[in-house]
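Visitor: Sending over a structure as structure tokens; questions will come in a sec.
The values are calculated or read from the model by the stated rules, or taken from the named source; none is laboratory data. From a predicted model like this one, the values you see are computed outputs, not experimental measurements. Here Cβ is always computed from backbone atoms with ideal geometry, including for glycine, and neighbour counts include all displayed protein chains. Accessible surface is based on the protein model in full, side chains and every heavy atom, while ligands, DNA and RNA are left aside. Shrake-Rupley method; radii C 1.70, N 1.55, O 1.52, S 1.80 Å.
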Amino acid sequence: MNQGLDFLTILRRHFPIFICAFFLALFSLAISQILLLEVYPPSLDDYGIYMMLGSMGISLYLCGANLLVIRGRPWAVWLIVAAMVACILVVIGHWGRRAPDLLYSIGLLLPLSTLLTLNSKRYRTMLAAMVEVRGQRAAWRKREKKQRR
């Protein structure tokens, strides 16, 4: 059985749901960051720095969590869920202050859509497949280590 072919087959089958959840979460975090900087504006000189550092932090956090999911660690989904709950709390906490209502509506719709995607049967199937691939990789490493001795 070819290890790479199995992973590629699984990835090809489950990539749309994975990338959908990733981009929904990314846009949710971006909208929440915009709302936070809209409600609590930093000085005009520092606005770009705060936006850039926030975007980098959001991207690193989300990429790290999704990398753990791809590597077969199903507990990493809770990192994404925690970020979506934080997004919902930011939007609800700042509803109706300075930003347009459409931005708040989108800011609430995106994390809820992400949570729905993470809870879907197809995403759970992908998680189970990734855990199985992780087990196959561990067994393959163990066999290779025994053969080297």
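Visitor: In whole Hz, what ³J(HN,Hα) sequence does the stretch 72-79 give by Karplus (6.51, -1.76, 1.60; θ = phi - 60°), x for Gly and Pro?
Guide: x, 10, x, 5, 5, 4, 5, 5
Visitor: Sort S59, S28 from largest to smallest accessible area, using a 1.4 Å probe on the heavy atoms of the protein chains.
Guide: Output order, biggest surface exposure first: S59, S28.
Visitor: Give the separation of the Cα centroids, the stretch 106-149 to the stretch 81-102, in Å.
Guide: Here the answer is 29 Å between Cα centres.
Visitor: A further question on this structure: Note down the magnitude of the dipole of the stretch 1-81 about its Cα centre, charges +1 on Lys and Arg C-beta and -1 on Asp and Glu C-beta and zero elsewhere, to the nearest 20 debye.
Guide: 520 debye
Visitor: For the stretch 53-103, what number results from the quotient of the Cα radius of gyration and 2.2 N^0.38 Å?
Guide: Compared with the compact-globule rule of thumb, the stretch 53-103 sits at 1.42.
Visitor: Considering amide H positions built from the backbone, and no H for Pro or chain starts, which residues 5 or more places from A99, or on another chain, come under 5 Å of its amide H?
Guide: none
Visitor: Sort F23, F18 by accessible area with a 1.4 Å probe, largest first.
Guide: Largest accessible area first, the residues go F23, F18.
Visitor: Given the protein chains as shown and a 1.4 Å probe, how many square angstrom of V39 are accessible, to the nearest 10?
Guide: So the heavy atoms of V39 present about 20 Å² to solvent.
Visitor: Heavy-atom accessible area of I70 with all protein chains present, probe 1.4 Å, nearest 10 Å²?
Guide: The accessible area of I70 comes to roughly 50 Å².
Visitor: Shifting gears a bit: Whenever you get a sec, line up E132, E38 from highest to lowest accessible area (probe 1.4 Å, protein heavy atoms).
Guide: Numbers: E132 115, E38 70 Å².
Sorted descending by solvent-accessible area, the residues read E132, E38.
Visitor: Just read off the accessible area of R141 with the full protein assembly in place, 1.4 Å probe, to the nearest 10 Å².
Guide: Counting only protein heavy atoms, R141 exposes about 130 Å² to solvent.
Visitor: Separate question: When the distances between all Cα atoms of the chain are binned every 5 Å from zero, what whole-number percent does each bin get?
Guide: Percent of pairs per bin, in order: 2, 9, 16, 17, 15, 12, 9, 7, 5, 4, 2, 1, 1, 0.
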